Amino acid sequence: MNDAILDEGFFTVRWHEGAVELLDQRALPLRETVLRFEHAEDVARAITDMVVRGAPAIGVTAAFGLALGTRELPDERGAFDRGFAALCERFAAARPTAVNLFWAIDRMKARRAAVGDSPVTAVREALLAEARAIHDEDVAACVQMGRLGAELVPDGAAVLTHCNAGALATAGYGTALGVVRGARDAGKKIRVFADETRPFLQGARLTAWELVKARIPVTVITDNMAADLMRRGEITCVVVGADRIARNGDVANKIGTYGVAVLAHVHGLPFYVAAPSSTFDVTIPDGAGIPIEERSPEEVRQIGGVRIVAVDVPVRHPAFDVTPAELVAALITERGVLRPPYEAAIAAMLTRSA
Ligand code: MRU
């Protein structure tokens, strides 16, 4: 699976011949460039710099990055374990909001603990096997979410999505776009409206590129067009992904998601969130406790490297916002479709297996 190119002709992240390879998402759609990483530090920086992005993809990449990093550590067990702990801290600092990153690091730590006193060469192999498992399980979870979520999307639907929650944001198939693929695979005719998603333009650059590859009809709109299209009756439902979902069902996702949810509510449209169980963080009671990444103001001041705001004008750049649970019609997970009240539904979902 990890060496395989996806059916649609690309991959997001893979382990290939002893290194981590990433499709450079900063260059899409203009250039399809695969970058090869032979050092863990470079993988961690690639996460921060958005070579790879999207909550599940960040987690999978960190797992492979940790497996790679263990090859750079000494064979002496004490030094190896100190180095591994430092690597885990380094990856945890790469981006703050997507909980899948911390979930993947915790899984890698647990695997290290489980192999105990094994020789360091065997520990390295076990950690690579764990990273491969995290990758493969993510694809399987997305396919399952797609199957379950497809039932919520009527034949002929026009689905509005925000940011990119597709194959590019996961190990493959996608969460929100997994639901779209699932509906397509169930024989439904589906069209997608992709918010361009300022400032990083994941919708315009990535969602549109990915859906063209998937041969699913897509139309890009600027973020400020969604309200008008909803009022005109051109949108059937909204499906987005998530970076972290709190215990009460509040959802952190790409900045602008909250606005789309409010608009959907005003227009009586269902607003669905598709996310694997690895995106839930029940240690945080509600959305107020979710750490929100503030990224560089330059990403707002510029588009495609061209300055559009006068030098020194202050700008804000919170990269995520929180949608209150009451605006979410359903949470689509690989373990079932959850309906309000979410606190009990989430707790029950997390105690059962897929
Ligand atoms: O800043 P990004 O591009 O990493 O933000 C990505 C999103 O907000 C996605 O919607 C989210 O991670 C869900 S991905 C399946």
Completion exercise
Taking every DSSP bridge whose two residues both lie in the stretch 160-295, the antiparallel percent to the nearest 5 is 15 percent
Problem - Which of H162, H39 has the fewest Cβ neighbours within 10 Å, and the rest in rising order - result: H39, H162
Exercise for the section: Using DSSP, restrict attention to beta bridges with both residues in the chain and report what percent are antiparallel, rounded to the nearest 5. Expected result: 55 percent
Exercise for the section: Taking the Cβ of each residue in R107, R295 as the centre, tally the other Cβ atoms inside 10 Å and list the residues starting with the fewest. Expected result: R295, R107
Completion exercise
re the stretch 41-117: pairs of Cα atoms spaced beyond 16 Å account for a percent value of 43 percent
Practice task
Using only the alpha carbons, work out the radius of gyration and Dmax of the stretch 19-157 in angstrom.
Solution key: 16.6, 60
Fill in the blank from the handout: For the stretch 62-71, Karplus-derived ³J(HN,Hα) couplings (6.51, -1.76, 1.60; θ = phi - 60°; whole Hz; x for glycine and proline) come out as 4, 4, 5, x, 5, 4, 5, x, 5, 6
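Once you charge only the Cβ atoms, +1 for Lys and Arg and -1 for Asp and Glu, what is the size of the charge dipole of the stretch 156-259 about its Cα centre, to the nearest 20 debye?
Details: 14 positive and 9 negative charges, 60 e Å.
That gives a dipole near 280 debye.
Taking the beta-carbon count within 10 Å as an exposure proxy, list M225, M50 from fewest neighbours to most. All intermediate terms of the calculation are to be shown ahead of the outcome.
Details: M225 15, M50 18.
Ranked by crowding around the Cβ, least crowded first: M225, M50.
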Completion exercise
Expressed in Å to one decimal, the Kirkwood Rh of the stretch 187-265 from all distinct alpha-carbon pairs is 13.5 Å
Practice task
For C237, list long-range residues whose amide hydrogen, built 1.01 Å from N in the peptide plane, is under 5 Å from its own amide hydrogen.
Solution key: A158, L160
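Take the Cα radius of gyration of the chain and divide it by 2.2 N^0.38 Å, with N its residue count; two decimals is plenty. Working shown, then result.
On the way: Rg = 19.7 Å, N = 354, 2.2 N^0.38 = 20.5 Å.
The reported ratio for this selection is 0.96.
Could you give the size of the charge dipole of the chain about its Cα centre, using +1 on the Cβ of each K and R and -1 on the Cβ of each D and E, expressed in debye and rounded to the nearest 20?
Values: 39 positive and 45 negative charges, 125 e Å.
I would put it at about 600 debye.
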Practice task
May I ask you to list the lysines whose Cα is less than 24 Å away from that of K213, ignoring any residue fewer than eight positions away on the same chain?
Solution key: K188, K189, K254
Fill in the blank from the handout: the stretch 100-199, Kirkwood Rh and Cα Rg, ratio Rg/Rh at 1.16
Exercise for the section: Using the charge dipole of the chain (Lys, Arg: +1 at Cβ; Asp, Glu: -1 at Cβ; taken about the Cα centre), state which of V337, L127, G59 has its Cα farthest towards the positive end. Expected result: V337
Completion exercise
The long-range amide H neighbours of I290, using H built 1.01 Å from N in the peptide plane and a cut-off of under 5 Å, are none
Practice task
Please report, in Å, the Rg and the Dmax of the stretch 159-218, where both are computed over Cα atoms only.
Solution key: 10.4, 35
Handout entry: Total charge dipole magnitude, the stretch 209-354, about the Cα centre, Cβ charges on Lys, Arg, Asp, Glu only, Debye to nearest 20
Key = 420 debye
Handout entry: Per-residue [θ]222 nm for the chain (sum of -39500 (n - 2.57) over DSSP H runs n ≥ 4, rounded to 500)
Key = -12000 deg cm²/dmol
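All of the numbers you see were taken from the coordinates with simple rules; none came from a lab. Being a predicted model, the structure only gives us computed values, none of them experimental. Cβ: placed from backbone, ideal geometry, glycine included. Neighbour counts: every protein chain shown.
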